[in-house]
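A.B. asks: Okay, handing you the structure first.
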Amino acid sequence: MKQAFRDYPVRGYTIIERNGLRIGIFGLLGKDAAEDASFARPITFSDPVEAARKTVKILKEREKVDLVVCLSHSGTNPDKAHSEDEKLAAAVPGIDVIVSGHTHTILQSPIRAGKTLIVSAGSYGTWLGVLDLKVGKSCKIEVTGYRLRKIDTSVPEDRNIARTIDGFRSLVEERYLSHFGYRFSQVLAFQPFNGQTIEETYTKPGETGLGNLVTDAYRYAVGEAEGRRRHIDAAVDVLGCIRSSLFKGDIRVSDVFQTTSLGPVQYGYCGNTIIVVYLTGRDLKNLLEVHTSIAPSKKDALLSVSGIRFSYNPNRMPFDRVTSVEIEGADHRFRPLENERRYSVAINSYLANLIDFVGKKSFGILQITPRDEAGNAVSARDESRLTVMRNGEPLREWIALAEYLSSFPEKNGIPTMPKRYAKPEGRIVAEASWNPVKLIARGNWITIIAAVLIVVAVILVVEFVHKRFRQGDHK
């Protein structure tokens, strides 16, 4: 890996000169993004603030740059406590501009943190951010303009870039897709509606028709691959693994891959594989609590589910907000979750490698122990034997989605997506309530301790007030 970094090469920074200005540019990976990099092992990441300080010192003192720009995969957040790039700006004031990524934030105007400007243009190339700066003789920086330009069909195509893309397309088809029997522009199905965009999902988080489609595809494809050997009770995915929307019209192989494109090279080809683990009802509830208590501050952790219906009360204590869970049986009837029963759950390899992360993010409260079909505890190192195989190949999530789309009933000679995937259908329901009974009913130890503390506090206040009244009467 070190040799590859040298050969590519990967540099610690680069210098460009424009109109007599020396501009130093360096990249940075934030702590939250590093935690998300589940396949990075055995690579480790240094502290981003310390790395930035060292690089800025070199750029300022050795390279004598006039402007320091940080391309940061750390992100901003309305909650200042979780806004890594704002923390970076405060800790490393020598950075002039931070171009912020990772959190997919669309900043309509720059954030000024001290003397540092922070800009962000969303995700997936939807917007082009343009920042105009005026740099004075003493390197004083003045913002003269900032705008976001929507990238859509109104933007003329660049012929040279289009020609390059066409060249890559033939390579992808020849060296990758042909192995699975697909072509780049092959039509798999027709979608008669426009669904919610990924951008909208991050601004208005919750259940989505697209997430339902993807997780339903997991269960369908596992069943097909295994000849219906076992019933898959549920499937779970996270929003961060769904990378693109599907729009009205023909859905092609390239669209499907773009939607579920995450995953490293495994078993010779890239893409997340699908594995099946067994979770007790208690563990499954803990996994669903990710949606209620971790995702509000980390939206890419929002869940999509299949074979599950659950409700939660966002006003309850964190990590104890799920109030009811039902699981779909082989007869397609939903029944209440049983705490000690083991359920088969299809997930992708990315989520499988992050299950330990759930415990870390919940301060050890949400403990989850994945098991194999025999009931033995498993970990990430057991992934290969838990991976679902299809025709002698590991089943990849994009293949699962492609197969599921192709299975839909035909209309006018083409498989057509059912309209139930146009919008949420009640798999995840938020039921906000301040009713005291609903706040503590069937609560775990967190809720019980909180309730006891509140009761004790109320008793102490009542005793204090009563004592003061008695003292007043005595006088």
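The values are calculated or read from the model by the stated rules, or taken from the named source; none is laboratory data. Worth saying up front: this structure is predicted, and the values here are computed from it rather than measured. Note that each Cβ is placed from the backbone with ideal geometry, even for glycine, and that neighbours are counted across all protein chains shown.
A.B. asks: Here are some residues: R228, R183. Which one is surrounded by fewer than 20 Cβ atoms within 10 Å (Cβ to Cβ), without any contact (Cβ under 8 Å) to a residue 12 or more places away in the chain and either assigned to a loop (DSSP other than H, G, I, E, B) or small (G, A, S) (or both)? Lay out the reasoning, then the answer.
C.D. replies: Numbers: R183 fails: without any contact (Cβ under 8 Å) to a residue 12 or more places away in the chain.
R228 is the lone residue from the list that is surrounded by fewer than 20 Cβ atoms within 10 Å (Cβ to Cβ), without any contact (Cβ under 8 Å) to a residue 12 or more places away in the chain and either assigned to a loop (DSSP other than H, G, I, E, B) or small (G, A, S) (or both).
A.B. asks: Restricting to the stretch 112-139, give me the number of residues that are among the β-branched types (V, I, T) and over 26 Å from K80 (Cβ atoms). It would help to see each step written out before you state the result.
C.D. replies: Residues of the stretch 112-139 among the β-branched types (V, I, T): 116, 118-119, 126, 130, 135.
Next, from what is left, pick out any that are over 26 Å from K80 (Cβ atoms): 130, 135.
Of the residues in that region, 2 qualify.
A.B. asks: Moving on to the next point. Just checking: which of the strands (runs of 3 or more DSSP E) contained wholly in the stretch 302-363 hold 2 or more residues that are of a type in the set (G, A, S)?
C.D. replies: Details: elements: 303-306, 308-312, 322-328, 334-336, 342-348.
Because the criterion is at least 2 residues that are of a type in the set (G, A, S), the strands (runs of 3 or more DSSP E) in the stretch 302-363 that meet it are 303-306, 342-348.
A.B. asks: Tell me yes or no: at least one residue of the stretch 437-460 is within 30 Å of G209 (Cβ to Cβ) and either in the same structural domain as S324 (by TED's automatic domain parsing) or not in a loop (DSSP other than H, G, I, E, B) (or both).
C.D. replies: Yes, because at least one residue in the stretch 437-460 is within 30 Å of G209 (Cβ to Cβ) and either in the same structural domain as S324 (by TED's automatic domain parsing) or not in a loop (DSSP other than H, G, I, E, B) (or both).
A.B. asks: Filter the stretch 232-268 down to the residues that are surrounded by 15 or more Cβ atoms within 10 Å (Cβ to Cβ), in a loop (DSSP other than H, G, I, E, B) and more than 17 Å from the chain's Cα centre (by Cα) and list them by number.
C.D. replies: Once the filter is applied, which keeps residues that are surrounded by 15 or more Cβ atoms within 10 Å (Cβ to Cβ), in a loop (DSSP other than H, G, I, E, B) and more than 17 Å from the chain's Cα centre (by Cα), the stretch 232-268 yields I232, D233, L246.
A.B. asks: Quick one: how many residues across the stretch 406-436 are under 22 Å from D237 (Cβ atoms) and either of a type in the set (S, T, N, Q) or part of a helix (DSSP H, G or I) (or both)?
C.D. replies: 6
A.B. asks: From the list V256, V276, which residue is modelled with pLDDT of 95 or more and either polar (S, T, N, Q) or closer than 26 Å to Y312 by Cβ (or both)? First the steps, then the outcome.
C.D. replies: On the way: V256 fails: either polar (S, T, N, Q) or closer than 26 Å to Y312 by Cβ (or both).
Within the list V256, V276, the selection yields V276.
A.B. asks: Do we have R385 as outside any loop (DSSP other than H, G, I, E, B), basic (K, R), at pLDDT 90 or above and farther than 26 Å from P42 by Cβ here?
C.D. replies: In short, no.
A.B. asks: Mind checking which residues of the stretch 210-225 are closer than 24 Å to W127 by Cβ and in contact with a Phe, Trp or Tyr (Cβ under 8 Å, 6 or more places away or on another chain)?
C.D. replies: Hit for the stretch 210-225 is L210, nothing else.
A.B. asks: Could you tell me which of the residues R243, R230 is charged (D, E, K, R), over 19 Å from K423 (Cα atoms) and in contact with a Ser or Thr (Cβ under 8 Å, 6 or more places away or on another chain)?
C.D. replies: Step by step, each of R243, R230 is checked, and only R230 is charged (D, E, K, R), over 19 Å from K423 (Cα atoms) and in contact with a Ser or Thr (Cβ under 8 Å, 6 or more places away or on another chain).
A.B. asks: Going by the structure shown, is G223 under 25 Å from V277 (Cβ atoms) and surrounded by fewer than 21 Cβ atoms within 10 Å (Cβ to Cβ)? Write out each step before concluding.
C.D. replies: Numbers: under 25 Å from V277 (Cβ atoms): yes; surrounded by fewer than 21 Cβ atoms within 10 Å (Cβ to Cβ): yes.
For G223, the condition - under 25 Å from V277 (Cβ atoms) and surrounded by fewer than 21 Cβ atoms within 10 Å (Cβ to Cβ) - is met.
A.B. asks: On to the next question. Pairs under 9 Å by beta carbon, first residue within 23 Å of T259 (Cβ to Cβ) in the stretch 269-291, partner among the aromatic types (F, W, Y) and part of a helix (DSSP H, G or I), six or more apart or different chains?
C.D. replies: Between residues of the stretch 269-291 that are within 23 Å of T259 (Cβ to Cβ) and residues that are among the aromatic types (F, W, Y) and part of a helix (DSSP H, G or I), the close pairs are Y269/F180; G271/F257; G271/W398; N272/Y350; N272/W398; I274/Y218.
A.B. asks: Condition check: in the same structural domain as A295 (by TED's automatic domain parsing), closer than 16 Å to N272 by Cα and either aromatic (F, W, Y) or assigned to a helix (DSSP H, G or I) (or both). Does Y202 satisfy that?
C.D. replies: It is false that Y202 is in the same structural domain as A295 (by TED's automatic domain parsing), closer than 16 Å to N272 by Cα and either aromatic (F, W, Y) or assigned to a helix (DSSP H, G or I) (or both).
A.B. asks: What is the one condition in (1) within 12 Å of I275 (Cβ to Cβ); (2) modelled with pLDDT of 95 or more; (3) loosely packed, with under 15 Cβ neighbours inside 10 Å that F334 does not satisfy?
C.D. replies: The one condition F334 does not meet is (1).
A.B. asks: Condition first: surrounded by fewer than 19 Cβ atoms within 10 Å (Cβ to Cβ) and part of a loop (DSSP other than H, G, I, E, B). Now tell me which residues in the stretch 95-121 satisfy that.
C.D. replies: L107, Q108, S109, P110, G114, K115
A.B. asks: For S100, are the conditions met, namely being modelled with pLDDT under 95, under 22 Å from A34 (Cα atoms) and either in the same structural domain as S245 (by TED's automatic domain parsing) or of a type in the set (S, T, N, Q) (or both)?
C.D. replies: No; evaluated as a whole, the condition is false for this residue.
A.B. asks: Scan (1) surrounded by 10 or more Cβ atoms within 10 Å (Cβ to Cβ); (2) under 26 Å from T273 (Cα atoms); (3) out of contact with any helix residue (DSSP H, G or I) (no Cβ under 9 Å at 6 or more places or on another chain) for the single condition S407 breaks and write down its number.
C.D. replies: Answer for S407: the failing condition is (3).
A.B. asks: Working only within the stretch 115-146, note down all residues that are farther than 18 Å from V69 by Cβ and of a type outside the set (S, T, N, Q).
C.D. replies: Residues satisfying the conditions are G122, Y124, G125, W127, K137.
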